[in-house]
Amino acid sequence: MSQDKLINKLHEIMSKSRRSLDDATILYKKGSYDSSVSLAYYAAFHAIQALLLTKGTAFSKHAQVKGAFNKEFIHPGIFPKNFTAIIERLFKDRQIGDYEYGEHIKGDQAKKDISDAKTVIKAIAEYLGEKYSREF
């Protein structure tokens, strides 16, 4: 993939990431916490997929994306180690929000998930911006 095509694709993915985060915030404000954490997770997930694309890799399975993110970006120290715990918690909360019937996400947890997803996305956008001398 040419660098121009890569940059365009990265912009598309990061745009989707931000839209998911915006939608998570809207749902949070409406009190739909289960759905808001699901979108917060996907917002971070999309941003991580953009990162992996810079390494020429793409995965469809969540475990593969999380594993590759850790291998390529956490272990080398590009992003802080606590991002691993954030992503795992977002994934766990998304599982609860999407699939559990008797357990629900509370407002304070949804707020934290959205905030943490925003932190991850911001860091990824800054990394991409530095790498490609463009705004993401």
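For Ile13, only one of the following conditions fails: (1) at pLDDT 95 or above; (2) out of contact with any His (no Cβ under 7 Å at 6 or more places or on another chain); (3) under 21 Å from Glu126 (Cβ atoms). What is its number?
(2)
Yes or no, residue by residue, for (1) of a type in the set (S, T, N, Q); (2) over 14 Å from Phe45 (Cα atoms); (3) assigned to a helix (DSSP H, G or I); (4) in contact (Cβ under 8 Å) with a residue 12 or more places away in the chain:
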{"residue": "Ile78", "(1), (2), (3), (4)": "no, yes, no, yes"}
{"residue": "Phe83", "(1), (2), (3), (4)": "no, no, yes, yes"}
{"residue": "His104", "(1), (2), (3), (4)": "no, yes, no, yes"}
{"residue": "Ala123", "(1), (2), (3), (4)": "no, no, yes, yes"}
{"residue": "Glu126", "(1), (2), (3), (4)": "no, yes, yes, no"}
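Are any residues in region 96-136 within 12 Å of Ser36 (Cβ to Cβ) and polar (S, T, N, Q), and if so, which ones?
Gln109, Ser115
Is it the case that Ile87 is modelled with pLDDT of 95 or more, part of a helix (DSSP H, G or I) and either acidic (Asp, Glu) or over 16 Å from the mean Cα position of the chain (by Cα) (or both)?
Answer is no for this residue.
Cβ contacts < 8 Å: first residue under 13 Å from Arg94 (Cα atoms) and touching a residue at least 40 places away in the same chain (Cβ under 8 Å), restricted to region 13-41; second residue assigned to a helix (DSSP H, G or I) and basic (Lys, Arg), any location; separation 6+ or different chain. Result?
So the pair list comes out as Val37/Arg94; Ser38/Arg94; Ala40/Arg94; Tyr41/Arg94.
In region 42-62, which residues are free of Cβ contacts under 8 Å to residues at least 24 places away in the same chain, in a helix (DSSP H, G or I) and either over 21 Å from Leu21 (Cα atoms) or in contact with a Pro (Cβ under 9 Å, 6 or more places away or on another chain) (or both)?
none
The values are calculated or read from the model by the stated rules, or taken from the named source; none is laboratory data. Please read all numbers here as calculations on a predicted model, not as lab measurements. With ideal geometry, Cβ positions are generated from the backbone for all residues, glycine too; neighbour counts draw on all protein chains shown.
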